[in-house]
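The values are calculated or read from the model by the stated rules, or taken from the named source; none is laboratory data. Here the structure is a predicted model, which means the values were calculated and not measured. Cβ placement follows ideal geometry from the backbone for every residue including glycine, while neighbour counts extend to all protein chains displayed.
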Amino acid sequence: MIFKVGSEVPMIICICANVSDRKLRAVVADGAATMRAVERRCGAGAGCGACRALVRECLRESRETRAQVTQVMMELAVSETPVLAPA
Ligand code: FES
């Protein structure tokens with residue numbers, strides 16, 4: 001992880017668009033799943049490009065978190081599925 005999650009003080013990730021880590025995470029959590037989508041929604045990455053590695057890192061972390069949540073939900077669904085006795 002490049003930047004700390006839950007830091008008390010927002011950190012500016014993109015100087016060109018004045019986007020903080022909190023804003024970036026909010027945009028990604030709200031559905032921006034690609035660099036282009038992040039650029040459109042908040043402008044991060046659309047200027048000089050210096051922040052693109054951080055944006056990619058945030059997108060990667062989000063994908064990993066979603067995959068883990070999906071895995072847990074699938075495991076819960078399987079474990080809670082009632083086994084029907086044959087009629
Ligand atoms: S710092 Fe983000 S585009 Fe320049």
Filtered residues of the range 34-55 (kept if within 9 Å of residue 14 (Cα to Cα) and of a type in the set (Lys, Arg)): 52
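Residue 64: loosely packed, with under 12 Cβ neighbours inside 10 Å, closer than 24 Å to residue 8 by Cα and more than 10 Å from the ligand (Cβ to nearest atom), yes or no?
yes
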query: Does the range 27-41 contain any residue that is under 11 Å from the mean Cα position of the chain (by Cα), surrounded by 12 or more Cβ atoms within 10 Å (Cβ to Cβ) and within 14 Å of the ligand (Cβ to nearest atom)?
result: yes
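Would you check which residues across the range 30-44 are of a type in the set (D, E, K, R) and in a helix (DSSP H, G or I) and list them?
Once the filter is applied, which keeps residues that are of a type in the set (D, E, K, R) and in a helix (DSSP H, G or I), the range 30-44 yields 36, 39, 40, 41.
Residues in the range 42-54 that are touching a helix residue (DSSP H, G or I) at 6+ places or on another chain (Cβ under 8 Å) and within 8 Å of the ligand (Cβ to nearest atom): how many? Walk me through how you get there before you give the answer.
Filtering the range 42-54 down to residues touching a helix residue (DSSP H, G or I) at 6+ places or on another chain (Cβ under 8 Å) leaves 42, 44-46, 52, 54.
Restricting the remaining residues to those that are within 8 Å of the ligand (Cβ to nearest atom) gives 44-46, 52.
Matching residues across the range 42-54 total 4.
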- prompt: Quick check: anything in the range 46-69 under 14 Å from residue 23 (Cβ atoms), among the charged types (D, E, K, R) and modelled with pLDDT of 95 or more?
  reply: no
task: Would you confirm whether any residue within the range 2-19 is modelled with pLDDT under 95 and of a type in the set (S, T, N, Q)?
output: yes
